[in-house]
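> Shown below is the structure under consideration.
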Amino acid sequence: MSEANLEQALTAAKLESRTLGDQLRQARADLHRLGVSDQNRVLVYSALAGGLGCLLGVGIGLKLRGK
């Protein structure tokens with residue numbers, strides 16, 4: 001890769017990192033505004049619910065594929 005391409009990639013990565021950080025701060029502020037005191041618990045529950053949904057979808061897909 002040329003030096004210019006590396007600089008552009010680094011600049012793009014920094015911008016994306018800053019954007020994701022801003023989005024995370026906004027999400028935490030929204031949770032706090034809604035009265036959620038334990039944000040980590042809410043994030044864990046949402047991750048578990050998403051994982052359960054994925055497993056359920058895979059199970060349904062496998063069941064339908066077997067018919």
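No lab work stands behind these numbers, since they all come straight from the coordinates. Quantities reported herein were computed from a predicted structural model and do not represent experimental measurements. Cβ: placed from backbone, ideal geometry, glycine included. Neighbour counts: every protein chain shown.
> What are the residue pairs meeting all of these: first residue in region 21-34, first residue within 16 Å of residue 46 (Cα to Cα), second residue assigned to a helix (DSSP H, G or I) and of a type in the set (A, V, I, L, M, F, W, C), Cβ atoms under 8 Å, and 6 or more apart or on different chains?
That search, which allows pairs on different chains as well, returns 31/42.
> Can I ask one more? Take region 2-42 and flag every residue that is outside any helix (DSSP H, G or I) and at negative phi.
We begin by selecting, within region 2-42, every residue outside any helix (DSSP H, G or I); these are 2, 34-38.
Result: 2, 34, 36, 37, 38.
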